[in-house]
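See below for the structure under consideration.
Please treat every number below as a calculation from the coordinates, not as lab data. Since the model is a prediction, treat every value here as computed from it, not as a measurement. Quick reminder, even Gly has a Cβ in these numbers, built from the backbone with ideal geometry, and neighbours come from all protein chains shown.
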Amino acid sequence: MSDKKCTSCENKLEHTKTDDTSSINDNIDQNIVQDNNTDNNFSLEASVEICANCGKEDAKNICNKCKSVKYCNAACKKRHRSKHKKACDRRVAELHDIELFKQPSQLIDDCPICFLRLPFLGTGRRYQSCCGKVICCGCIFAMDKVYNRGKKKVDLCPFCRTPTPRSDDDIVRRLHKRMEVDDEKAVTLIGNHYSHGMHGLSRDYAKALELWHQAAELGSAEAYFSIGNAYYNGRGVEMDKKKAFHYWVIAAMKGCSYARCRLGIFDDNAGNMERAIKHYMIALECGYNDSLNKIKQLYSNGKVTKNEYTQALRTYQKYLSEVRSSQRDEAAVYSETYKYIE
Ligand SMILES: [Zn+2]
Ligand SMILES: [Zn+2]
Ligand SMILES: [Zn+2]
Ligand SMILES: [Zn+2]
């Protein structure tokens with residue numbers, strides 16, 4: 001095994017930190033318009049199918065950007081383009097924001113053994129490369145207790161009872177096996193291992209990026225985040241901060257709290273407080289306490305109201321009440337690696 005502490009294999013999915021986020025404020029998607037004054041004609045035009053250019057009825061040719069106005073034909077669409085452009089961009093930005101700030105549905109997972117909500121990614125949970133399950137530290141600790149009380153130590157997966165991997169080779173071989181069944185977490189993890197040069201794999205950023213793309217296609221929000229980081233740091237690919245931002249947006253929309261918090265920081269630095277708080281709150285609902293710290297900081301700087309701060313505290317309390325269990329507490333006391341509340 002490598003000396004470096006692995007935070008992923010049979011452990012948690014790791015969080016690849018990047019720094020210097022403040023220098024890329026200007027990468028905030030310029031298309032996101034703050035103005036909420038919508039063009040009232042939109043809905044009317046779209047619903048009665050009147051051509052936005054000539055006013056004739058039965059218009060079927062829809063604006064493929066905003067999908068909110070219709071035309072008789074391509075010629076009318078072309079003629080109306082310059083007039084419509086501003087409103088169209090505004091509508092596109094609004095639609096983008098509706099999607100962006102929607103709470104992703106698959107954010108909350110339960111432990112398949114104790115059925116309690118899993119602690120936040122990166123704390124108190126472990127991916128099992130045998131069965132692909134993510135198990136809470138409490139259940140892993142409970143399994144240890146049953147099998148290792150005064151006996152020879154046997155480490156078994158609490159879910160499928162497979163012995164835990166004994167060597168780097170074992171770890172990598174199992175992850176590859178999980179890859180064969182399109183396990184997005186396994187693919188992401190191998191990518192992480194290549195990126196860090198762990199478990200006998202030599203560091204290879206290009207290979208890591210390739211694997212993250214593969215995992216992203218399988219639906220991994222964390223993989224999208226890592227791709228963003230790769231672009232941000234120019235690892236395995238030419239540095240491109242716009243692309244980094246693009247991938248972080250996708251990651252956030254898919255439920256990655258690290259990416260979500262990062263978007264919050266962008267808006268925070270750009271002075272878009274309302275948007276920043278929205279991002280921080282979404283990340284906080286997943287239990288990401290860095291978000292709470294951000295809101296706390298804003299509160300002490302007078303940029304967040306007492307009400308908003310109270311709301312944030314309540315949200316975090318709700319998360320804590322859902323993840324707390326005596327078994328997990330016992331595990332956390334037993335070992336730092338089982339800690340689940342930061
Ligand atoms: Zn027309
Ligand atoms: Zn349009
Ligand atoms: Zn559990
Ligand atoms: Zn298992």
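The loop-placed trypsin sites (Lys or Arg not before Pro) in the stretch 54-106, going by DSSP, that have at most 15 neighbouring Cβ atoms within 10 Å of their Cβ come out as 56, 60, 65, 67, 102.
Backbone amide hydrogens, once placed in the peptide plane, bring residue 164 within less than 5 Å of 155, 156, 157, excluding anything fewer than 5 places away on its chain. The trypsin sites (Lys or Arg not before Pro) of the stretch 275-325 that meet both conditions, a loop assignment by DSSP and at most 16 other Cβ atoms within 10 Å of the site Cβ, are 303, 324. Residue separation of residue 170 and residue 102 scaled by 0.36 nm, minus their Cα-Cα distance, works out to 20.5 nm of gained length.
Distance distribution note for the stretch 41-100: the fraction of Cα pairs above 19 angstrom is 23%. For residue 86 and residue 296, a Förster radius of 35 Å and the Cβ-Cβ distance give a FRET efficiency of 0.35, rounded to the nearest 0.05. Among the GluC sites (Glu not before Pro) within the stretch 231-338, those in coil by DSSP and having at most 15 neighbouring Cβ atoms inside 10 Å are 238. Around the amide H of residue 62, modelled in the peptide plane, lie the amide H atoms of 71, all under 5 Å away and 5 or more residues distant in sequence or on another chain.
Using the structure shown, list the pairs from 278/303; 78/243; 207/254 with a Cα-Cα distance above 20 Å, or answer none. Checking Cα-Cα distances, 78/243; 207/254 exceed 20 Å.
Distant-in-sequence amide contacts of residue 49, defined by a placed amide H-H separation under 5 Å and a gap of 5 or more residues or a different chain, comprise nothing. With a threshold of 25 Å on the Cα-Cα distance, the over-threshold entries among 86/294; 60/86; 296/339; 133/177; 102/294 are 86/294. Backbone geometry of the stretch 316-332 corresponds, through the Karplus equation with coefficients 6.51, -1.76 and 1.60 at θ = phi - 60°, to 3J(HN,Hα) couplings of 5, 4, 4, 4, 4, 5, 7, 9, 6, 8, 5, 5, 5, 4, 4, 4, 5 Hz, x marking Gly and Pro.
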